[in-house]
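What follows is a single structure, written as structure tokens, with notes after it.
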Amino acid sequence: MKVGFVGVGFMGRHMARNVLNGGHEMKVYDLNRDAADELVSLGADRTNSPREASEDVDVIFTSLPTPQVVEEVASGEGGILSGARRGAAYFDLSTTDPSTILRIAARAEASGLRVLDAPVSGGTGGAEAGTLCVMVGGDREAYDEFKPVLDLIGNQTMYCGPIGSGAVCKIVNNLIGLSVGVLLSEAFTMGVKWGVEAQTLYEAVSKSSGNTTSMHGFPNGIFKRNFEPGFQLDLAAKDVGLATQLGRELSVPMEMSNISQQRYIAGQNKGFGKMAAGAVAIVQEERAGVEIKGPEA
């Protein structure tokens, strides 16, 4: 199968590599040309624009940082819609809002390009291992046709419903996980300030009802003061913002979600945007006057 892949940064390069290693032909594009070097060395063809990456392929994937970039890459000058052939499919693997993907799909309808939202969850580790959850919204026949390719990206691929459904599932997931991260920082600073070691708190909670996946990165992350990004705080702020925006559009009260969003914005204002999303805890540490760290930090 001929595949086009646009956006091969933190997440995209791993997903593209797994598809390429699955035996498919691939054309790649990234604004940062160096980002595609590894894939080119493995046999992918480098292109000079999203349009070129989309020409004469069966399926196009994008993995991009914001809905605004997705829309520009898809619909802008030299974009995917100007190059994709009739009958091809376009899966956006980014975290976007449903309104953006619906606009792109409406513009693509006349050209016969099938557009699906397919956001992924599982971080860079899951992207590298091919164990992501891929949440797909859109045409069911297109989903079934290209599921073998999607299965190279993640082993937990699922069809979520009409176009926009995948985006909503991902927004709900990230809102929960990222908001839990804010609550964890408050809970741990309280425990540490009383005098219990952070590692002891972690072990106790891990064996109890408070156990949560969001906490499992603590031992190699905040305990070691390691905030190297796999998923940047800037992106976390964007994702929580997508949730609160959708809540406003639907007239859904979301008081706790808005508090979480403000905490991530506070992290951005302190210059933590390019650090790992877990750096949001530093905002709480500074407020509480205590650090959540292990003995080796």
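Worth pointing out:
- Within the set 104, 153, the sole residue that is of a type in the set (A, V, I, L, M), touching a helix residue (DSSP H, G or I) at 6+ places or on another chain (Cβ under 7 Å) and within 18 Å of residue 230 (Cα to Cα) turns out to be 153.
- Residue 33 passes every criterion in (1) surrounded by fewer than 16 Cβ atoms within 10 Å (Cβ to Cβ); (2) modelled with pLDDT of 95 or more apart from (2).
- Count - residues of segment 145-200 that are free of Cβ contacts under 8 Å to residues at least 24 places away in the same chain and within 21 Å of residue 125 (Cβ to Cβ): 2
- Residue match in segment 276-294 (condition: among the small types (Gly, Ala, Ser) and exposed (fewer than 13 other Cβ atoms within 10 Å of the Cβ)): yes
- The listed residue being under 27 Å from residue 155 (Cβ atoms), part of a helix (DSSP H, G or I) and not assigned by TED's automatic domain parsing to the domain that holds residue 245, out of 28, 19: 19
- Meets criteria (closer than 24 Å to residue 39 by Cβ and either touching a Cys at 6+ places or on another chain (Cβ under 8 Å) or in the same structural domain as residue 73 (by TED's automatic domain parsing) (or both)) for residue 99: no
- Residue in segment 201-209 that is crowded, with 19+ Cβ neighbours inside 10 Å and in contact (Cβ under 8 Å) with a residue 40 or more places away in the chain present: no
The values are calculated or read from the model by the stated rules, or taken from the named source; none is laboratory data. These numbers come from a predicted model, not from an experiment. Cβ sites come from the backbone with ideal geometry, for glycine too, and all protein chains shown count toward neighbours.
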